[in-house]
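**Student:** Before anything else, here's the structure in question.
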Amino acid sequence: MKVLVVGSGGREHALAWKLRQSPRVSELICAPGNGGMAGIATCVPVPAEDVRGLLALARERAVDFTVVGPEAPLSAGLVDLFAANGLRAFGASRAAAELEGSKAFAKDLMRRHGIPTAAASTFTDAAAARAHVRAAGAPLVVKADGLAAGKGVIICRTLAEAEQAVDEIMVRRAFGAAGDRVLVEEFLEGEEASFLAFTDGRTVVAMPASQDHKRVFDEDQGPNTGGMGAYSPAPVVTPAAADEVMRTVMVPTVRAMAAEGRPYRGVLYAGLMFTKAGIRVLEYNARFGDPEAQPVLMRMKGDLLPVLEACVDGRLDEVPVEWLEEAAVCVVLASGGYPGSYPKGLPIAGLEAAGCEEGVVVFHAGTALKEGRVVTAGGRVVGVTARGSGVRQAVERAYRAAGKISFDGMHYRRDIAQRALRREGK
Ligand code: AMP
Ligand code: GLY
């Protein structure tokens with residue numbers, strides 16, 4: 001089969017890496033791909049947002065199956081467009097991707113169907129939002145309704161910060177049309193985890209839980225990023241907690257979407273907070289997490305392709321999905337300045353040596369090939385991902401490999417998965 005992977009980040013490299021191992025994949029194409037994906041697939045420079053260009057590419061190359069990584073093409077209706085043209089694509093439809101594309105929609109859906117989440121109010125008017133903020137008091141969380149590349153959430157410790165956040169989003173329109181509406185949400189305390197599942201709209205199959213590291217610096221300091229590292233399993237999600245998440249969040253969400261005429265197929269991602277009062281949904285994503293996909297896919301046994309096909313074809317109940325007992329850890333190496341502005345085009349040394357370390361795969365995120373050399377091309381440059389008998393061994397392997405890679409200005413967190421190690425008491 002000819003398979004097309006849409007996207008260019010670490011998540012998409014991990015998807016391509018896993019699909020490359022499928023005996024059923026005869027040809028792998030990535031659009032637009034990156035410097036690492038170019039080593040295992042044919043990269044074609046069609047941007048992930050250009051859904052018409054991707055349709056033309058899929059037709060021209062007679063692609064049999066398309067796997068969509070990022071949210072933008074899902075929200076732009078890639079899966080619907082492909083289906084209308086008789087092409088199979090894995091991912092949420094435009095109507096289903098609303099779950100990620102509108103936090104107000106997601107919040108109302110959870111409310112209508114009794115899915116546990118933080119209390120929140122939605123506003124289209126800045127004055128009303130400010131009045132509510134003053135009445136509610138700090139701390140609280142102000143969120144832009146729409147897609148804002150992970151930056152539309154502002155945690156406000158004081159009233160002044162909250163009022164400023166409302167202005168930033170609604171008046172100064174820091175996130176453009178994503179700020180037409182804001183949510184003002186109760187501040188929750190606890191430990192976070194990412195819970196992902198495959199679904200065909202009916203059957204829901206859990207992936208092992210993972211944990212992301214959103215802040216740029218150690219000890220969760222500094223601004224939010226796309227994610228500086230991730231690991232799986234996440235010990236906060238005990239087997240009993242995973243059952244509860246499936247019973248109270250994942251299955252009810254898929255049922256709710258079906259009942260509301262927006263059948264959900266693809267990957268459902270719930271960002272969860274484990275609070276003293278119980279499990280709460282912070283957000284949904286309509287796709288694999290990045291960097292969560294890297295450790296999670298490394299722990300997947302067997303062939304990914306039949307699972308993705310079964311999601312599209314509505315027969316996920318027929319396909320076994322199995323996981324390795326081993327843990328996996330991903331450490332992201334970022335460009336100097338990230339998550340602010342950063343230089344591009346810097347040569348990267350040591351990639352090959354790092355990739356030779358036992359149990360290690362270096363997933364490229366922001367890289368490109370320039371005259372045959374791999375250079376930096378994004379904020380998150382590579383995700384050094386390692387498997388190990390437990391989190392400790394995976395951490396040691398990932399950092400040993402990361403130590404072999406260098407480029408000007410490179411920085412990374414030194415405390416990926418420390419929370420898991422502390423919980424394990426090792
Ligand atoms: P989101 O994009 O909604 O997941 O928000 C990004 C990050 O903001 C989350 O991963 C949490 O760390 C934090 N966050 C979001 N909502 C809340 C909340 N209600 N209480 C505390 N922290 C939150
Ligand atoms: N790592 C968080 C996300 O993919 O949204």
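The values are calculated or read from the model by the stated rules, or taken from the named source; none is laboratory data. Everything numeric in this text was worked out from a predicted model, so none of it was measured. Ideal geometry is used to build each Cβ from the backbone, glycine not excepted, and the neighbour counts take in all protein chains shown.
**Student:** Filter the stretch 21-43 for residues that are part of a loop (DSSP other than H, G, I, E, B) and more than 23 Å from the chain's Cα centre (by Cα) and give the result.
**Tutor:** P23, R24, V25, S26
**Student:** Cβ-Cβ distance below 8 Å, separation of 6 or more or different chains: which pairs start in the stretch 187-207 with a residue that is on the phi > 0 side of the Ramachandran plot and end on one that is among the aliphatic types (A, V, I, L, M)?
**Tutor:** Filtered contacts from the stretch 187-207: G190/M273; G201/V254; G201/M257; G201/A258.
**Student:** Name the residues in the stretch 123-153 that are touching a helix residue (DSSP H, G or I) at 6+ places or on another chain (Cβ under 8 Å), of a type in the set (A, V, I, L, M, F, W, C) and more than 16 Å from ligand 2 (Cβ to nearest atom), would you?
**Tutor:** F123, A126, A129, V133, A138, L140, V142
**Student:** Considering only the stretch 224-231, I want to know if a residue exists there that is free of Cβ contacts under 8 Å to residues at least 60 places away in the same chain and either part of a strand (DSSP E or B) or within 16 Å of ligand 2 (Cβ to nearest atom) (or both).
**Tutor:** Within the stretch 224-231, none of the residues are free of Cβ contacts under 8 Å to residues at least 60 places away in the same chain and either part of a strand (DSSP E or B) or within 16 Å of ligand 2 (Cβ to nearest atom) (or both).
Okay, residues lined up against (1) closer than 30 Å to I405 by Cα; (2) within 16 Å of ligand 2 (Cβ to nearest atom); (3) not aromatic (F, W, Y):
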residue	(1), (2), (3)
R280	no, no, yes
E292	yes, yes, yes
A310	no, no, yes
E318	no, no, yes
E322	no, no, yes
A327	yes, no, yes
P347	yes, no, yes
G359	yes, no, yes
L369	yes, no, yes
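**Student:** Something else now. Does P208 meet the test of being modelled with pLDDT under 95, over 30 Å from F123 (Cβ atoms), away from ligand 1 (no atom under 15 Å from the Cβ) and assigned to a loop (DSSP other than H, G, I, E, B)?
**Tutor:** no
**Student:** If I go through the stretch 16-40 residue by residue, how many of them are in contact with a Leu (Cβ under 7 Å, 6 or more places away or on another chain) and within 20 Å of F288 (Cα to Cα)?
**Tutor:** So the answer is 8.
**Student:** Still on this structure: Go through the stretch 237-308 and tell me which helices (runs of 4 or more DSSP H), entirely inside it, have 3 or more residues that are within 21 Å of the chain's Cα centre (by Cα), within 14 Å of ligand 1 (Cβ to nearest atom) and crowded, with 23+ Cβ neighbours inside 10 Å.
**Tutor:** none
**Student:** Filtering the stretch 147-162 down to residues that are surrounded by 20 or more Cβ atoms within 10 Å (Cβ to Cβ) and under 14 Å from L282 (Cβ atoms), which residue is farthest from ligand 1 (Cβ to nearest atom)?
**Tutor:** Selected residue: I154.
Residue-wise test of (1) within 30 Å of D313 (Cβ to Cβ); (2) surrounded by fewer than 22 Cβ atoms within 10 Å (Cβ to Cβ).
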| position | (1), (2) |
| --- | --- |
| Q164 | no, yes |
| D167 | no, yes |
| F175 | no, yes |
| A178 | no, no |
| R181 | no, yes |
| E186 | no, yes |
| R202 | yes, yes |
| M207 | yes, no |
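**Student:** Which of the helices (runs of 4 or more DSSP H) found entirely inside the stretch 55-160 contain at least 2 residues meeting this: farther than 24 Å from P306 by Cα?
**Tutor:** Those helices (runs of 4 or more DSSP H) span 71-75, 94-101, 103-112, 126-136.
**Student:** What strands (runs of 3 or more DSSP E) lie completely within the stretch 338-383 and have 2 or more residues being surrounded by fewer than 22 Cβ atoms within 10 Å (Cβ to Cβ)?
**Tutor:** 367-370, 373-376
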